[in-house]
1. Once R0 is set to 22 Å, what does the formula 1/(1 + (r/R0)^6) return for the Cβ-Cβ distance between residue 44 and residue 140, expressed as a FRET efficiency to the nearest 0.05?
2. Take the Cα of residue 148, step 7 Å along the line toward its Cβ, and report every residue of segment 45-79 whose backbone nitrogen sits under 11 Å from that point.
3. Please order 79, 130 by the number of other Cβ within 10 Å, starting at the fewest.
4. Sort 61-73, 133-145 for me by packing, meaning the mean count of neighbouring Cβ atoms within 10 Å per residue, highest on top.
5. Near residue 53, within a Cβ-to-Cβ distance under 11 Å, what is the net charge of the other residues, with Lys and Arg +1 and Asp and Glu -1?
6. Using a 10 Å cut-off around each Cβ, can you sort 101, 80 from fewest to most neighbouring Cβ atoms?
Amino acid sequence: MKKFSIFAHAIQKSVLSFALLLSACLMGFTSCNDDDDENNGGIVGTWQSVHVDTWEEIDGVLSEDGSYSGPYTGATAVFTADGKYILKEDGETETATYKLTGNKLILEADGDTSEAKVLELSNNKLILEFVEIDTGYKYYEKAEFKRVK
């Protein structure tokens, strides 16, 4: 099963396929006009990655290959006003739809839906947290972005 993450290319290839599906899953579903808590407007724009913290644990053992904490500027995320999400990273482009409700960013692509927690959203800064837990497997990623448009 492929997982998609904002920073899949910054970590070992073993994590890449997991990270790819996670981000694809994190691509939100099309927004509904009857959701009073929806607030896509604050996130609309182009965001450049600046830092990432990520780790994976397999059968209770922290993977050194899947862990990274530090600067990362290799990803650009675009959130459009009509609910589209575009991620450009290492010459590849992924697209999906998104919905921001409160501190939950719901993303959907190819029928897969997932959720990220918005830890901070301001005019110039976006911090997202992704957590994936499965039998014998845990994955964590905190990604910080700066607004460029």
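1. Efficiency, from the Cβ-Cβ distance: 0.25.
2. So the set is 46-50, 73-78.
3. 79, 130
4. Highest to lowest by the protection proxy: 133-145, 61-73.
5. Values: positive: 142; negative: 129, 141, 144.
Every neighbour counted, the sum reads -2.
6. With the fewest neighbours first, 101, 80 line up as 80, 101.
Computed from the coordinates by the stated procedures, all read-outs in this text should not be read as laboratory data. Keep in mind it's a predicted model, so treat the numbers as computed, not measured. Ideal geometry is used to build each Cβ from the backbone, glycine not excepted, and the neighbour counts take in all protein chains shown.
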